[in-house]
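S.K.: Input: one structure, supplied below.
The values are calculated or read from the model by the stated rules, or taken from the named source; none is laboratory data. A quick note: this is a predicted structure, and the numbers were derived from the prediction, not measured. As a convention, Cβ positions derive from the backbone with ideal geometry for all residues, glycine included, and neighbour counts pool all protein chains shown. Quick note on the areas: whole protein, heavy atoms, side chains included, nothing else; ligands and nucleic acids left out. Shrake-Rupley method; radii C 1.70, N 1.55, O 1.52, S 1.80 Å.
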Amino acid sequence: MNFIGSHILSVSQFKRADIETVFNVADQMIPYANRERVTRVLEGAILGNMFFEPSTRTRVSFGCAWNLLGGEVRETSEVKASSIVKGESFYDTARVLSGYSDAIVMRHQVEGSVDEFATASRVPVINGGDGSNEHPSQALLDLYTIKKEMEGRGKQVDGLRIALIGDLRYGRAVHSLCRLLCLYDDIHFSLVSPPELKLPSIYLDEMKSHGHECLESAQLQSGIAHADILYVTRTQEERFPSKEEADKYKGLFRLNQTIYTENCEPNTVIMHPLPRDSRGDARELDDDLNENPNLAIFRQTDNGVVIRMALFALILNVADQVEKTARDVNWYTAGRFSSQ
Ligand code: CP
């Protein structure tokens, strides 16, 4: 694909070579994310960071990624803080905001809303999550993490055995990741969910049509037994008709250290798009796994910064100029970045 000036709305836009391009640029961004080097390549550029649905890591990491490239961020973090509550259309909002910004990231609870916004925007728009539909940058950072974790174990993404656990019906991160993995060879999917929260057939059919093995079950222990990666998800209660309906599914699949030790192969990687639901009735990923070295959840969140820097650098066509404006940092740094 031609990244320059493109919207990033769906993982369906990517071919395998495009993903390699993003990952190569992301690798180049590690010294900047790790506060070893500073670049000003986007000095003067403005990001419109428009989040009309709650977010911690997507909103902040997109903002940090832009700042780390030297740009400024303008943010809307609630629908009620925007004139959308006065009846303004996506068309008008996009026309206005794209006059103020060089790129826009948008999250909204309505499926397809970011596509609609992008058609009216005069600048590139990145989908930060639209309802239960897609979360492309999350899938890219997840796949980047999977690749690094597998390489660290002498394996590769082709031939991957991945167990996806929890609310597979409403989880947009799962939907985008399944689609992205279709670009690789010989993937073995173990899909563990309550029957009512199974992966929608649109994704399952696509995975099967690419020749991947897809085993569905409602049994956590057997579902995680032969996996390289466990990808745990929370019940997406905001997508359910009521909280009472969502509560029926909380706590059905709880991964903890005992279940992991008794059922998983050594060095099985544990991932979660986060947030994990740490409330007592949920706890799908127990805190007692926090010191498990195979828990990759915070390596995922760190990887989100370099992946999002790479997307900005590619769509604004500055990937090969980053180093020209760079210098070493002159403050104390903790060397915090943890890609693998
Ligand atoms: N993974 C993810 O989308 O997290 P946030 O909702 O905090 O952005």
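S.K.: Hey, if you put +1 on the Cβ of every Lys and Arg and -1 on every Asp and Glu Cβ in the stretch 136-298, which of 241, 270, 195 ends up farthest toward the positive end of that dipole?
M.R.: Sorting the options by dipole projection puts first 241.
S.K.: Can you tally the net charge around residue 333? Count Lys and Arg as +1, Asp and Glu as -1, for every other residue whose Cβ sits under 15 Å from the Cβ of residue 333.
M.R.: +1
S.K.: Please give the net charge around residue 93, taking every other residue with its beta carbon less than 11 angstrom from that of residue 93, where Lys and Arg add +1 and Asp and Glu add -1.
M.R.: Taking every Cβ under 11 Å from that of residue 93, the sum is -1.
S.K.: Can you give me the P(r) profile for the chain? Cα pairs, bins 20 angstrom wide beginning at 0, each as a whole percent.
M.R.: Pairs per bin, as whole percents: 31, 58, 10.
S.K.: Amide H to amide H under 5 Å from residue 101: which residues, 5+ apart in sequence or cross-chain, H placed 1.01 Å off N in plane?
M.R.: Answer set, sorted by chain and number: none.
S.K.: Follow-up question, since we're still on this one. Shape call for the stretch 232-322 from the C-alpha gyration tensor, a ≥ b ≥ c root eigenvalues: rounded (a/c under 1.5), prolate (a/b greater than b/c) or oblate?
M.R.: Oblate is the answer for the stretch 232-322, as a/c is 1.5 or above yet b/c matches or exceeds a/b.
S.K.: In square angstrom, rounded to the nearest 10, how much accessible surface does residue 85 have for a 1.4 Å probe?
M.R.: Approximately 90 Å² of residue 85 is accessible to the 1.4 Å probe.
S.K.: Report, in deg cm²/dmol and to the nearest 500, the calculated mean residue ellipticity at 222 nm for the chain, where each DSSP H run with n ≥ 4 adds -39500 (n - 2.57) and the sum is divided by the residue count.
M.R.: -10000 deg cm²/dmol
S.K.: Continuing with this model, one more query. What whole-number value in Å² describes the accessible area per residue of the chain for a 1.4 Å probe?
M.R.: Per-residue value: 42 Å².
S.K.: In addition: Rounded, prolate or oblate for the stretch 188-291? Axes are the square roots of the Cα gyration tensor eigenvalues, ordered a ≥ b ≥ c, and the cut-off for rounded is a/c under 1.5.
M.R.: oblate
S.K.: Classify the stretch 92-203 from the C-alpha gyration tensor, please: rounded if a/c falls under 1.5, else prolate or oblate depending on whether a/b exceeds b/c.
M.R.: Oblate, since a/c reaches 1.5 and b/c is not below a/b.
S.K.: Which value, in nm² and rounded to one decimal, describes the direction-averaged projected area of the C-alpha convex hull of the stretch 149-231?
M.R.: It is 4.9 nm².
S.K.: Quick check for me: using +1 on Lys/Arg Cβ and -1 on Asp/Glu Cβ, what's the dipole size of the stretch 136-298 about its Cα centre, in debye to the nearest 20?
M.R.: The dipole magnitude comes to about 240 debye.
S.K.: By accessible area of protein heavy atoms, probe 1.4 Å, what ranking do 336, 234 get, highest first?
M.R.: 336, 234
S.K.: Moving on to the next point. Restricting to Cα pairs below 8 Å that are 6+ residues apart, what does the relative contact order work out to for the chain? Please round to a whole percent.
M.R.: Contact order relative to length: 21 percent.
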